[in-house]
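Written below as structure tokens is the structure these notes are about.
The values are calculated or read from the model by the stated rules, or taken from the named source; none is laboratory data. Owing to the predicted nature of the structure, the values given are computational and were not obtained by experimental measurement. Here the Cβ is made from the backbone with ideal geometry for all residues, glycine too, and neighbour counts use every protein chain on show.
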């Protein structure tokens, strides 16, 4: 059984008179395995949000089918096994973190003792321990994103939908969010992640689907899709001074063409985190 499955899933939005206006999704067929972190990519208007809403059962398809955990997306009982972090979290501004999670825990009828344990666990997990008593109206966008994620996990869901999960987070918060998504996959949770930040998706997702104008254009493992099959890259530690000349000569003898030889570089994220962590250690 797949965690998520669509077959020829299409959605046409109509105008007031019932005439077809926008074809948001066109015959989408894909499967997401249990325990997989799956990325849904595409420019604005590509059909990502429509696909998510169809799988959540918030809207109904024009044709085709959508299944979650082997049940139709409209199945009410299955929704208790789903967690959802929308792009914009709509939370009660006058509640604090504890009260917010307690409210959603009650909606899922979680027993009081277990609910309290889960609240403490999630607040620590998302890094809001120091502000757990502060009203949400005083939260920054990044902090609101964190409590939104905790809310999505309050029912210990089997399938988690994350729509732009790193929006509003600083680089450290983004790194922690990505680590958390990876850890959810390791725990056997199925994660469907929509994002326009390609670096985030590339790092955490097992497979991706690329939508353009409502059509599926690419589907597969991240490494496989990104691999350049016409080139090889080598990293040599402590190369001799004449390494470049010798490599160029060897490749020419083999009938190949040397593209480039350069020093490997770290990502901007790695540099940022390294500098911040070093400064933090100095202050402590």
Within region 181-193, the residues that are in contact with a helix residue (DSSP H, G or I) (Cβ under 7 Å, 6 or more places away or on another chain) and either at pLDDT below 90 or assigned to a helix (DSSP H, G or I) (or both) are 181, 182
Scanning region 1-52 residue by residue, the ones that are at negative phi and part of a strand (DSSP E or B) total 27
Residue 255 passes all but one of (1) in contact with a helix residue (DSSP H, G or I) (Cβ under 9 Å, 6 or more places away or on another chain); (2) assigned to a loop (DSSP other than H, G, I, E, B); (3) at pLDDT 75 or above; which number fails?
-> (1)
Residue 199 closer than 23 Å to residue 50 by Cβ, touching a residue at least 40 places away in the same chain (Cβ under 8 Å), in the same structural domain as residue 35 (by TED's automatic domain parsing) and under 13 Å from the mean Cα position of the chain (by Cα) = no
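One residue is enough: does region 65-73 have a residue meeting the conditions free of Cβ contacts under 8 Å to residues at least 40 places away in the same chain and closer than 21 Å to residue 178 by Cα? Spell out the reasoning first.
Step one: of region 65-73, the residues free of Cβ contacts under 8 Å to residues at least 40 places away in the same chain are 71-73.
From what is left, the residues that are closer than 21 Å to residue 178 by Cα are none.
The answer is no, given that none of the residues of region 65-73 is free of Cβ contacts under 8 Å to residues at least 40 places away in the same chain and closer than 21 Å to residue 178 by Cα.
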Considering residues of region 74-91 that are more than 13 Å from residue 58 (Cβ to Cβ) and touching a residue at least 60 places away in the same chain (Cβ under 8 Å) only, the residue surrounded by the fewest Cβ atoms within 10 Å (Cβ to Cβ) | 80
(1) under 25 Å from residue 198 (Cα atoms); (2) in contact with a strand residue (DSSP E or B) (Cβ under 9 Å, 6 or more places away or on another chain); (3) surrounded by fewer than 19 Cβ atoms within 10 Å (Cβ to Cβ) all hold for residue 44 apart from (2)
Checked 27, 74, 89 against criteria (modelled with pLDDT under 95 and within 21 Å of the chain's Cα centre (by Cα)); the one match is 89
Restrict the check to region 155-170 and report whether at least one residue is crowded, with 22+ Cβ neighbours inside 10 Å, part of a loop (DSSP other than H, G, I, E, B) and either within 18 Å of the chain's Cα centre (by Cα) or not assigned by TED's automatic domain parsing to the domain that holds residue 46 (or both).
-> yes
Does residue 55 meet the test of being assigned by TED's automatic domain parsing to the domain that holds residue 142, touching a residue at least 24 places away in the same chain (Cβ under 8 Å) and surrounded by fewer than 19 Cβ atoms within 10 Å (Cβ to Cβ)?
-> no
Could you grab me the full set of residues in region 92-107 that are exposed (fewer than 14 other Cβ atoms within 10 Å of the Cβ) and either touching a helix residue (DSSP H, G or I) at 6+ places or on another chain (Cβ under 7 Å) or more than 30 Å from residue 60 (Cβ to Cβ) (or both)?
-> 92, 93, 94
